[in-house]
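**Student:** Structure incoming, see below.
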Amino acid sequence: MSTKEPYYLTTAIAYTSGRPHIGNTYEIILSDAIARFKRAQGYDVYFQTGTDEHGIKIEEKAQAAGVTPQQFVDDIAAQIRANWDLMNTSYDYFIRTSDEDHVKAVQKIFKRFYEQGDIYKGEYEGWYCTPCESFWTESQLVDGKCPDCGRPVQKAKEEAYFFNMQKYADRLIQYIEDHPDFIQPESRKNEMLNNFLRPGLQDLCVSRTSFTWGVPVDFDPKHVIYVWVDALSNYITSLGYDAEAKEQPEKFNKYWPATHIIGKDILRFHTIYWPIFLMALDLPLPKKVFGHPWLLFGDGKMSKSKGNVMYAEELVKYFGVDAVRYYCLHEMPFANDGTITWELLIERINSDLANVLGNLVSRTISMVNKYFDGEVTNPKIYDPVDEGLISTALATKEKVEEKMEELQVGAALDEIFKLLRRTNKYIDETEPWVLAKHEEDRDRLATVLYNLLESIRIAAVLLESYLPETSQKILDMLNTNQRSLSSTESFGHLETGQHVIKKAPVLFARIDEKEFFDQLEKDREKLEKEEKKAVKKEEKKSEETKPEISIDDFAKVELKVGTIIECKPHPKADRLLVEQIDLDNETRQIVSGISQHYKPEELVGKQVIVVTNLKPVKLRGVESQGMLLCAANDEDLAFITPAKEMSNGTTVR
């Protein structure tokens, strides 16, 4: 490519509600492989990722954590960025929607929508799903729950601004029909047209008043701009887009429009709402929106509540970055969900990486060192058997490029591993160890080994986009400067006269499944103990550093002396006891988690201190009408009792 053509690639920005798992991380690995390959082809790539940081869900999580929303998202955004860096991803820009320049740009976009009549003020009443940040009508609910995530919804009614979606709907339908590659895969395009656009779009709620953690509407400050206008605009605000400017900056004009890589669950927002926003701004639509499938754990979507979450950090600890990248890229079909389990990951590492790739490199370099003291020569004594290997090697680049053009990343990797398998087969066909026995076959042996090294070089160059560290290690072993994609178009670029590395390091070691799971169990038990210890330490610290209270605060708690007149085990919980407490003028029922310290018969007749104005709660179906005061440490627990017998109902003060 004589001139560098711009290529703008984005991931969806990750929501800062919690630590990303490997299912979340897959998207950045996929996008990185595409970005690296485009760079290798000569494109001027601008690769962007980042974090989506506003909304009621963040506000609630920050409140629960006892920090400000900004502190909360700062922490999660740092975790996400560290995760992306861990996976060796080559993004050019990491945007955060709490960035000041983004906030100002979004306010200008919203104001322009309003001034040109695309937005109007109204009132919204419907069912709201907090995790999805989405409103739904009664008819859209599935079994009374959110149709996207299946979680409970709450009735909500509030003043809001709405975007007139119908104004642009027909134009968008026409665009999608005229641009068949705009939405990928094909099945996703049909879903958007038939399920959402053709039945008729409802106007979209684009502001909220029930929370404050968001971009304020500058001309109506009690409103915050709703997540989708805010989040989707990141793809242009990062390039300096200004909705009020007559001329856009050079960076925007150079790179926009983009190719968006997103999860299939947010396809509707990127292929309906986002294009309509762009039409309203009179901007070109994205080149392509690829809604990738999910990476499932076994046969289910990863969920912390299900306990089936795998994290990139843990996977990298055991298998290394490139092994995890390989699995994620290779095992994800183009249109269907992929599966990850510890067993499948180990199997793929052993079969493809340790055997097909690692063993091939190790064997070949060992033979070059053994038979030629590491020197690379090529006497060019060819045999018809060479043609099969050479033709496969020469065809690989074009096949990989074809697959990558279609974003078929897993299939592109398959083409490279076909070359590696063909190279392994070539060893069996030529039997270098037999040639080495005869001096007259020495030049033929050198040619065979050169063909092996050159095939490995071509495969290593092509692997750079997917396994960058491994690719570099192999090319360093070969002591070659021929590392450009164009050098894989012909056979024979590997330099002669230099020496390969003396001893090839193990690229991927075979994993014993039983030993691995034994170690995993030990590590997790150790981690669990450390986490419990840390929690206890934090709890103890919290107890020691509780804030001062006034006498008025203390006076709010009503404490009275009572006598336990009956005590029985809880019918549904072994650790709970149910006590009847005589407080003189009434009898209270209290449920306590004390069965590991006291037997029911030991408590009858004991005087205790009762918190009597605590709001009643049900514990495993049995109502508890107060609380008993106890002293407790890590090992033991004891009731607080009067120093001498007091009348039931006596106030403690």
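**Student:** Looking at (1) surrounded by fewer than 18 Cβ atoms within 10 Å (Cβ to Cβ); (2) under 30 Å from Leu193 (Cα atoms), which is the one condition that is false for Asp99?
**Tutor:** The number of the failed condition is (2).
**Student:** Suppose the filter is surrounded by 13 or more Cβ atoms within 10 Å (Cβ to Cβ), touching a residue at least 40 places away in the same chain (Cβ under 8 Å) and more than 22 Å from Asp553 (Cα to Cα); does Val610 pass it?
**Tutor:** Details: surrounded by 13 or more Cβ atoms within 10 Å (Cβ to Cβ): yes; touching a residue at least 40 places away in the same chain (Cβ under 8 Å): yes; more than 22 Å from Asp553 (Cα to Cα): no.
Answer is no for this residue.
**Student:** Still on this structure, please answer the following. Could you look through segment 317-332, keep only residues that are over 11 Å from Ile349 (Cβ atoms) and not in a helix (DSSP H, G or I), and pick out the one that is modelled with the highest pLDDT?
**Tutor:** Out of the qualifying residues, it is Glu331.
**Student:** If you don't mind, there's one more thing I want to ask. If we scan segment 74-96, do we find a residue that is out of contact with any Cys (no Cβ under 9 Å at 6 or more places or on another chain), over 27 Å from Tyr466 (Cβ atoms) and crowded, with 23+ Cβ neighbours inside 10 Å?
**Tutor:** No, because not a single residue in segment 74-96 is out of contact with any Cys (no Cβ under 9 Å at 6 or more places or on another chain), over 27 Å from Tyr466 (Cβ atoms) and crowded, with 23+ Cβ neighbours inside 10 Å.
**Student:** Here's something else I'd like to know. Within segment 237-264, how many residues turn out to be in a loop (DSSP other than H, G, I, E, B), in contact (Cβ under 8 Å) with a residue 24 or more places away in the chain and touching a Leu at 6+ places or on another chain (Cβ under 9 Å)?
**Tutor:** Counting residues in segment 237-264 that are in a loop (DSSP other than H, G, I, E, B), in contact (Cβ under 8 Å) with a residue 24 or more places away in the chain and touching a Leu at 6+ places or on another chain (Cβ under 9 Å) gives 5.
**Student:** Something else: Being at pLDDT 95 or above, of a type outside the set (D, E, K, R), part of a strand (DSSP E or B) and buried (at least 22 other Cβ atoms within 10 Å of the Cβ), is that true of even one residue in segment 267-284?
**Tutor:** No, segment 267-284 has no match at all.
**Student:** Okay, moving on. Could you please find all residues in segment 614-653 being exposed (fewer than 10 other Cβ atoms within 10 Å of the Cβ), free of Cβ contacts under 8 Å to residues at least 24 places away in the same chain and farther than 14 Å from Ile590 by Cα?
**Tutor:** Ala631, Asn633, Glu635, Ala643, Lys644
**Student:** While we're looking at this one, here's another question. If you check every pair at least six apart or on different chains, which have Cβ atoms under 6 Å apart with a residue in segment 335-348 that is part of a helix (DSSP H, G or I) first and a residue that is β-branched (Val, Ile, Thr) and modelled with pLDDT under 90 second?
**Tutor:** The qualifying pairs do not exist here.
**Student:** Give me the strands (runs of 3 or more DSSP E) completely within segment 541-653, filtered to those with at least 2 residues that are modelled with pLDDT under 80, ordered by residue number. Show your work before the answer.
**Tutor:** Values: elements: 559-569, 577-582, 587-592, 607-611, 617-619, 622-624, 630-632, 637-639.
Fully inside segment 541-653 and qualifying: 617-619.
**Student:** Which ones in segment 177-198 are within 26 Å of Ile119 (Cα to Cα) and surrounded by 20 or more Cβ atoms within 10 Å (Cβ to Cβ)? Full working, then the answer.
**Tutor:** From segment 177-198, those within 26 Å of Ile119 (Cα to Cα) are 192-198; that's our starting set.
Correct list: Met192 only.
**Student:** Here's a check for you: in segment 447-501, which residue that is part of a loop (DSSP other than H, G, I, E, B) and β-branched (Val, Ile, Thr) is farthest from Ala436 (Cα to Cα)?
**Tutor:** Out of the qualifying residues, it is Thr480.
**Student:** Moving on to the next point. Can you name the condition, by its number, that Leu329 falls short on among (1) of a type in the set (A, V, I, L, M, F, W, C); (2) buried (at least 19 other Cβ atoms within 10 Å of the Cβ); (3) over 26 Å from Ile28 (Cα atoms)?
**Tutor:** (3)
**Student:** Moving on to the next point. Filter segment 1-59 down to the residues that are touching a Cys at 6+ places or on another chain (Cβ under 8 Å) and β-branched (Val, Ile, Thr) and list them by number.
**Tutor:** Let us first name the residues in segment 1-59 that are touching a Cys at 6+ places or on another chain (Cβ under 8 Å), namely 22, 25-26, 29-30.
Within segment 1-59, Ile22, Thr25, Ile29 meet the criteria.
**Student:** Filter segment 5-64 for residues that are among the hydroxyl-bearing types (Ser, Thr, Tyr), assigned to a helix (DSSP H, G or I) and touching a helix residue (DSSP H, G or I) at 6+ places or on another chain (Cβ under 8 Å) and give the result.
**Tutor:** Looking only at segment 5-64, we keep the residues that are among the hydroxyl-bearing types (Ser, Thr, Tyr), and these are 7-8, 10-11, 15-17, 25-26, 31, 43, 46, 49, 51.
Narrowing the set further to residues that are assigned to a helix (DSSP H, G or I) leaves 25-26, 31.
Thr25, Tyr26 - these are the residues of segment 5-64 that are among the hydroxyl-bearing types (Ser, Thr, Tyr), assigned to a helix (DSSP H, G or I) and touching a helix residue (DSSP H, G or I) at 6+ places or on another chain (Cβ under 8 Å).
**Student:** If we scan segment 199-222, do we find a residue that is part of a helix (DSSP H, G or I) and surrounded by 17 or more Cβ atoms within 10 Å (Cβ to Cβ)? Let's see the steps before the verdict.
**Tutor:** Within segment 199-222, the subset part of a helix (DSSP H, G or I) is none.
Checking segment 199-222: not a single residue is part of a helix (DSSP H, G or I) and surrounded by 17 or more Cβ atoms within 10 Å (Cβ to Cβ).
**Student:** Follow-up. If you check Ile501 against the conditions, is it of a type in the set (Val, Ile, Thr) and modelled with pLDDT of 95 or more?
**Tutor:** Values: of a type in the set (Val, Ile, Thr): yes; modelled with pLDDT of 95 or more: no.
When the stated conditions are applied, Ile501 does not pass them.
**Student:** Another question, then. Within segment 136-171, which residues are surrounded by fewer than 11 Cβ atoms within 10 Å (Cβ to Cβ), without any contact (Cβ under 8 Å) to a residue 24 or more places away in the chain and in a strand (DSSP E or B)?
**Tutor:** Passing the criteria: only Val142.
**Student:** Kindly check whether there is at least one residue in segment 236-257 that is modelled with pLDDT of 90 or more, charged (D, E, K, R) and within 27 Å of Thr68 (Cβ to Cβ). Even if it seems obvious, please write down each step before you answer.
**Tutor:** Our first condition is that a residue be modelled with pLDDT of 90 or more; within segment 236-257, this holds for 236-257.
After this cut, where a residue has to be charged (D, E, K, R) as well, the list is 242, 244, 246-247, 250-251, 254.
Now restrict to residues that are within 27 Å of Thr68 (Cβ to Cβ): none.
Checked segment 236-257: no residue is modelled with pLDDT of 90 or more, charged (D, E, K, R) and within 27 Å of Thr68 (Cβ to Cβ).
**Student:** When the residues of segment 218-232 are filtered to those that are touching a Pro at 6+ places or on another chain (Cβ under 9 Å) and among the hydrophobic types (A, V, I, L, M, F, W, C), which remaining residue is nearest to Val206 (Cα to Cα)?
**Tutor:** Ile225
**Student:** Return only the number of the condition from (1) under 30 Å from Thr89 (Cβ atoms); (2) crowded, with 17+ Cβ neighbours inside 10 Å; (3) among the aliphatic types (A, V, I, L, M) that Val506 does not satisfy.
**Tutor:** (2)
**Student:** Could you please find all residues in segment 454-490 being small (Gly, Ala, Ser) and either free of Cβ contacts under 8 Å to residues at least 60 places away in the same chain or surrounded by 24 or more Cβ atoms within 10 Å (Cβ to Cβ) (or both)? Even if it seems obvious, please write down each step before you answer.
**Tutor:** So the first thing to find is which residues in segment 454-490 are small (Gly, Ala, Ser), and the list is 455, 459-460, 465, 471, 484, 486-487, 490.
Those that are small (Gly, Ala, Ser) and either free of Cβ contacts under 8 Å to residues at least 60 places away in the same chain or surrounded by 24 or more Cβ atoms within 10 Å (Cβ to Cβ) (or both): Ser455, Ala459, Ala460, Ser465, Ser471, Ser486, Ser487.
**Student:** Lys254 passes all but one of (1) more than 27 Å from the chain's Cα centre (by Cα); (2) under 19 Å from Ile13 (Cβ atoms); which number fails?
**Tutor:** (2)
**Student:** Whether any residue in segment 53-69 is within 25 Å of Phe319 (Cβ to Cβ) and either modelled with pLDDT of 95 or more or of a type in the set (Val, Ile, Thr) (or both) is what I want to check.
**Tutor:** No; the residues of segment 53-69 include none that is within 25 Å of Phe319 (Cβ to Cβ) and either modelled with pLDDT of 95 or more or of a type in the set (Val, Ile, Thr) (or both).
**Student:** Restricting the search to segment 61-73, which residues are closer than 18 Å to Ile225 by Cα and surrounded by 16 or more Cβ atoms within 10 Å (Cβ to Cβ)? Reasoning before the result, please.
**Tutor:** Going residue by residue through segment 61-73, those that are closer than 18 Å to Ile225 by Cα are 69-70, 73.
Within segment 61-73, Pro69, Val73 meet the criteria.
**Student:** Considering Ala35, Ala12, Ala77, Ala40, which residue is within 11 Å of the chain's Cα centre (by Cα), aliphatic (A, V, I, L, M) and modelled with pLDDT of 95 or more?
**Tutor:** Values: Ala35 fails: within 11 Å of the chain's Cα centre (by Cα); Ala77 fails: within 11 Å of the chain's Cα centre (by Cα); Ala40 fails: within 11 Å of the chain's Cα centre (by Cα).
Being within 11 Å of the chain's Cα centre (by Cα), aliphatic (A, V, I, L, M) and modelled with pLDDT of 95 or more holds for just one of Ala35, Ala12, Ala77, Ala40, which is Ala12.
**Student:** A further question on this structure: I'm trying to understand the selection: among the residues of segment 71-90, which are touching a helix residue (DSSP H, G or I) at 6+ places or on another chain (Cβ under 8 Å) and either farther than 21 Å from Lys317 by Cβ or in a loop (DSSP other than H, G, I, E, B) (or both)?
**Tutor:** Within segment 71-90, Gln71, Phe72, Val73, Met87, Asn88, Thr89, Ser90 meet the criteria.
The values are calculated or read from the model by the stated rules, or taken from the named source; none is laboratory data. On a predicted model such as this, the values are computed, not experimentally measured, just so you know. Methodologically, a virtual Cβ is constructed for each residue, glycine included, from the backbone with ideal geometry; neighbour enumeration extends over all protein chains shown.
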